[in-house]
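Coordinate-derived values only; no laboratory data. Quick caveat: nothing in here was measured; it's all calculated off a predicted structure. Because the Cβ atoms are built from the backbone with ideal geometry, glycine has one as well, and the counts that use them run over all protein chains shown.
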Amino acid sequence: MTAPLLEVRNLRVEFHTRRGTLTALNDVSLTIAPGEVLGMVGESGAGKSMTGAAIIGLIEPPGRIAAGQVLLDGRRIDNLRYDQMRQVRGRQIGAIFQDPLTTLNPLYTVGRQLVETITTHLPLNPAQARKRAIEWLEMVGIPAAAQRIDSYPHEFSGGMRQRVVIALALCAEPRLIVADEPTTALDVSIQAQVIALLKRLAREKGTAMLLVTHDMGVIAETADRVAVMYAGRIAEIGPVRDIVKAPNHPYTAGLMASIPPLDRRVDKLAAIEGSMPRLSAIPPGCAYNPRCPRVFDRCVRERPDLLDAGTTRAACWLHAHG
Amino acid sequence: MRAFFDSDLWWSFTRSRITVASAIVAFICIGGAFMAPLLAPHDPFDLASLQLMDAFTPPIWTAEGNPTYPLGTDDQGRDVLSAIMYGARVSLFVGFAATIFATCVGVLVGLLAGYLGGTADALLMRIADIQLTFPSILVALLVDGIVRAALPREVHDQIALFVVVFAIGISEWPKFARTVRGSTLVERNKEYVLAARVIGLSKAKIMLQHVLPNVLGPVLVIGTLNLALAILAEATLSFLGVGVPPTQPSLGTLIRIGNDFLFSGEWWITIFPGVALIVMVLSVNLLGDWLRDALNPKLR
Amino acid sequence: MLEANDLARYFDVSRPALQRLIAREPRRTLRAVDGVSFTIPKGQTLSLVGESGCGKSTVARLVVGLYPPSDGTVAFDNQPLSVARADPAQRQRMQMIFQDPYASLNPRWRVRDIIAEPIRAFKLVDGKDAILARVGQLLTQVGLAPADGEKFPHEFSGGQRQRISIARALSSNPEFLVCDEPTSALDVSVQAQILNLMKELQRSLGLTYLFISHNLAVVRQVSDRVGVMYLGRIVEQAPAETLFTTPRHPYTRALMEAIPDLDMTGRTRIPVGGEVPSPISPPSGCAFHPRCPLANDRCKAERPLAQPAGESLVACHAVEEGRG
């Protein structure tokens, strides 16, 4: 196995509120190799977006990284100063968010934003950068890129805007992309186009990607490996095929079973009863134990770490041996 | 009540020292003013008790100070401290009454304009726009002038207080109307309002039971800030001599009267009412600022 | 139960009169819904699917009378909708469930008051205790506890709030429920709970649903009949099984093609190109023609009407001519 590009070690993110400290992320460890796409799924509030934010150094107070390390190419980036982190974020890590409008500055033309990013991070003069910017817009599939480069963000449609955001995230040729629900705000037909685009560009440029989404279909199509989050922890992590087809954690199994199938009608969908606990009320032992159909006494007493479970690693006592 | 002390609002209140301080000051001001008949050392309106001999007594800490009159006396021998307390009562009454009046009109107009939309909205908001182009002092002078001209003097003096309240309130309501209209436009399209419309509830019921409770947050903020403004407006009017009748002097009246003696050396007659006014307005304003931040989810 | 005939709703999206005058702009209308017809038999579910801006939510609102139609008619149980809406005894028979569980409950009301609102409005039960008992019963019916009535909406999770929404809708003993994307704001495991609950309620109470969704997989689970909408029109309408096994309209096929594949068969999908055009200036003829692989000159010029094709009603020249 090649050395990982990104390594997250025992990451813990806490929020200090007046009602005590909430642990939003607890003991999260993962690696992403160059050219690899790691999908991250989970219900809202499970901590998947928080993981992305922690990696790109955008945890907002009162939240903070309380423990653990984030290493990019073996170098710690979680303790960098704000301006140093900004360098890393533009040059080494590109970020794509759900709402393209939060990334694009409405007051500047798309071209100006691209050129600025390119000249900041790459040794190119403005003319070369503009040429590069047009190339990028063509690459992400914007028709008549040479003319549209001087348009403002609001002159693009939602799908086109997300393409511009992708161009903006990729134009400094980062080695890692953190994409947080990049297709959620888009319609199905546009979503498919954007996923195909992301996949192709990551493959062509050898860029590693953390793809955060709640849509298992997107993960199944795009990711190489998947991390399933539950109540701030990784419940299971492994190759996408095994997670989807042969999950080892009861939560992953429940999650997969509850997805309504497109190709047949089922009389009663397999739902997971109850809902994910709030951060302020995570039960002792395994956080999933109140909803788990296979719960036994150890689950209530003791919290499981990630254990080897054949092809994947699952935080579940069912896989404890000896 | 327990829920209140457990709420985020109370928590953010106790966390801000300046807010707690201004709340205490505001409480003392308001309490002192409303209980003036009980707390004030003298009754400034009781002509019988006035001692002309004691006129122009300076404050207690000066050489000629008299412990009976902690902040000195005016030209008639009235105790300045008592006059301030009674004056603050009038000022606060006008401030509160004008703000409540403006709030009622503004909330009603804003709610109707925002919820009904269309022509009603256009009409009401244009009236508000026109109202906003007149400075409040001008409106107050205008109203006062009309009332003075239309009514005999005795009647005018009797209702003068309410004329001031009306004059200040009428110039302040557009601010409330605009805010409430904005929030109403947001709330009326929320699904809980649609749910009520599906049931077929009347517009009045939806506005009062659903929309109104959800647009009151910002109203509370402007209301508090506006209270400070209204007190100042009253002081300005009274200073100009078109405000409350001289028989019920407010802080503004006291400042005006005292102003005549400022250059003859009796500075305390005007300075102390002025300080009282500043302290009162400032504390209320600070409370309003805190409330605005505390209720703004973006700043939390 | 419900019949919509050539239903249309236009919105005036022109700028204010003065600005329009200065810029010499004509009035602009948005044809959110443009000639939609369907019937929903008692006890059945009709679903409308489509991408954002296709007008499906507007249809939902037209059908419960939140908007008056610009054209066409809606009949509720064989009476014109406006007549039915004017009569409380008829009005209580229709209810609506909304998408956003955070906006559909008044944050300042206790849950018991939220659920009791229709009961009070229609004077269905008399007396405080009787109302409270009924609320408790409704809460139990949707899988919550009667004691939850004392709480405020913010104390519940998204799925629980949606249950409260359903309890409120059920409180007036409705027969017809309009469900506007009831699960699209929910997590997938909770979505399954809500869908199961809705199906179970339909069985036990004999409810009729108009179900609005953008998620084809969800639609397949709940529908008897499905209409696919594009730019304010129904392009294909068919019994659910027929639509999913033999989609006929090129747009329906493109939609199904676009859904990411969970089975990982490794097939390469050919995503449909282009974007949904603006409903303010829709393309001429068939609105789908700029994105359609089968489009020809006739599609650009002539608006296709819904024609029967097998069990389906399809508005497509290519299907009609056998080119599909």
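Numbers at a glance
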| item | result |
| --- | --- |
| Karplus (6.51, -1.76, 1.60) ³J(HN,Hα), θ = phi - 60°, over region B:196-201, in Hz, Gly and Pro reported as x | 5, 5, 4, 5, x, 5 |
| Cut-off under 5 Å, modelled amide H: who pairs with C:Arg9 long-range | C:Ala32, C:Val33, C:Asp34, C:Gly35, C:Ser70 |
| Potential lengthening between C:Arg27 and C:Glu321 on full extension [0.36 nm per residue; Cα-Cα distance subtracted] | 102.1 nm |
| Whole-angstrom gap from region A:53-112 to region C:72-99, using each part's C-alpha centre | 52 |
| Backbone N within region B:245-266 under 17 Å of label point (7 Å from B:Glu154 Cα along the Cβ vector) | B:247 |
| Residue exposure sequence - B:Ile60, C:Ile22, A:Ile118 - by fewest surrounding Cβ within 10 Å | C:Ile22, B:Ile60, A:Ile118 |
| Those lysines that a straight Cα-Cα span of less than 19 Å connects to C:Lys42, excepting residues fewer than 8 apart in one chain | C:Lys199 |
| Helix axis angle, C:111-121 relative to chain C longest principal axis, alpha carbon, degrees | 80 |
| Sequence of B:Met35, C:Met229, A:Met40, A:Met256 once ranked by neighbouring C-beta atoms within 10 Å, starting from the fewest | B:Met35, A:Met256, C:Met229, A:Met40 |
| Descending principal axes extents, region B:79-299, alpha-carbon based, whole Å | 71, 44, 25 |
| Sparse-neighbourhood loop sites, GluC sites (Glu not before Pro) in region A:44-138 - DSSP loop, at most 11 other Cβ within 10 angstrom | none |
| Degrees separating the helix C:158-170 axis from the principal Cα axis of chain C, which is the longest one | 80 |
| Amide H partners (placed H, <5 Å) of A:Val178, local residues excluded | A:Gly94, A:Ala95, A:Ile96, A:Leu210 |
| Rounded Å value of the spacing that divides the Cα centres of region A:193-252 and region B:217-256 | 65 |
| Burial ordering of C:Leu207, B:Leu254, B:Leu112, fewest other beta-carbon atoms within 10 Å first | B:Leu112, C:Leu207, B:Leu254 |
| Residue-averaged 222 nm ellipticity for chain A, from DSSP H runs of 4+ at -39500 (n - 2.57), nearest 500 | -9500 deg cm²/dmol |
| Inter-probe distance in nm under a simple model that places probes 7 Å from Cα toward Cβ, at A:Arg265 and B:Asp75 | 9.5 |
| For region C:199-241 and region A:147-183, distance of Cα centres in Å | 35 |
| Principal-axis tilt of helix B:212-240 within chain B, Cα atoms, nearest 10 degrees | 30 |
| For A:Thr17, distant residues with modelled amide H under 5 Å away | A:Leu22 |
| Sparsely packed trypsin sites (Lys or Arg not before Pro) within region C:1-73, loop by DSSP, other Cβ within 10 Å at most 13 | C:Arg24, C:Arg27, C:Arg28, C:Lys42 |
| B:Asp8-A:Thr102 pseudo-label distance in nm [points 7 Å out on the Cα-to-Cβ vector] | 1.7 |
